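The structure is given below, and queries will be raised subsequently.
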Amino acid sequence: MQAHQYDPESISITPAALRHVRRQLRQEGAEALVLAVTESGCNGYMYELAFADAELPDTRSFRFGADVRVEVAEDHWPLVRGTEIDYVVEGLNSALKFNNPNADAMCGCGESFSIRD
């Protein structure tokens, strides 16, 4: 397996995550997945996902294929730049996973992260 090459000016999405996000967008009747970050969790920041029906102001927009768009607010961009979005299945659980090159540490539950100075 080849290591993921991070592009600091973009985000990327694995084929499994692309299929999952595509299904979710159809189910929600949405046009885009919004990737955001909130100050929360046991380690400083937490990923937050939402759906958007139209392009949002002051965001970076990334297209994957003809039908999947991910939007990141400009003020959240420094925290997630270069992130790879993956979809993992572990036993009976499945979830989106964020491989963030900016994260210095992750909490034990994998829900929050801290950023190096």
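Rule-based calculations on the coordinates, nothing more; no lab input. Bear in mind that the values here come from a model prediction, so they are computed numbers and not experimental data. No Cβ is skipped: glycine too gets one built from the backbone with ideal geometry, and neighbour counts run over all protein chains shown.
Using +1 on the beta carbon of Lys and Arg, -1 on that of Asp and Glu, and nothing else charged, what's the dipole of the range 12-115 about the Cα centre, debye to 20?
Computed charge dipole of the range 12-115: roughly 460 debye.
Please state the shape class of the range 12-115: rounded when a/c is under 1.5, otherwise prolate if a/b exceeds b/c and oblate if not, all from the C-alpha gyration tensor.
Oblate, because a/c is 1.5 or more while a/b does not exceed b/c.
Taking amide H positions as placed 1.01 Å from N in the peptide plane, with prolines and chain starts having none, which residues 5 or more places from residue 59, or on another chain, fall under 5 Å of its amide H?
Under 5 Å from the amide H of residue 59 lie the amide H atoms of 74, each far enough along the sequence or on another chain.
Under the 0.36 nm per residue contour assumption, what length would be gained going from the current alpha-carbon distance of residue 40 and residue 99 to full extension?
So the extension gain works out to 19.4 nm.
Under a point spin-label approximation (7 Å from Cα along Cα-to-Cβ), what is the residue 56-residue 27 distance to one decimal in nm?
2.0
Tell me, what HN-Hα J-couplings in whole Hz come from the Karplus equation 6.51 cos²θ - 1.76 cosθ + 1.60 at θ = phi - 60° for each residue of the range 17-34, using x for Gly and Pro?
5, 4, 4, 5, 5, 4, 4, 5, 4, 4, 4, 7, x, 9, 9, 8, 9, 9
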